[in-house]
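Working notes, beginning with the structure itself.
Nothing in this text is a laboratory measurement; each read-out follows from the coordinates by a stated rule. Source: prediction; values computed, not measured.
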Amino acid sequence: MSVRFWDPDGTKFGIPTYPWRLAPDGLATRRQLRIRGLRPGGQDIAAQVLRPRRRREPLTAYLYRVDLAVPVRAMTPARWAALAKANAARRRCPECHRDAGYVIPPTLGACVTCAYPEEQRAA
């Protein structure tokens, strides 16, 4: 346990700080809240946990109070439609305008067939 990150009253870091995996019950990260079907809902950061790393600054995870968290907003039919449209646009090749059947990698910028035409002719 790293004692240098133990600051439950917040005098050293400005907010209550705990070592990695030693946060008290009732506090959770955004991901932990999301697993429970909750979101912070506009509340301020209640505390943080710090994880030491060699030769770099420590990793920081912000914690929120579970009792003040609110339920995640439900997806409406309009949101589902917008999400489907956005995903379809990510599958469409900008060069050949066909649906690639997969999300086109931003590093390629086009489907594999358009990005490597010489390899497709050889096959």
Give the shape of the chain as rounded, prolate or oblate, defined through the alpha-carbon gyration tensor: a ≥ b ≥ c are the square roots of its eigenvalues, a/c under 1.5 means rounded, and otherwise the shape is prolate if a/b is larger than b/c and oblate if not.
oblate
So what is log10(I(q)/I(0)) for the stretch 27-72 at q = 0.15, 0.29 1/Å, when the Debye sum runs over its Cα atoms only?
-0.40, -0.97
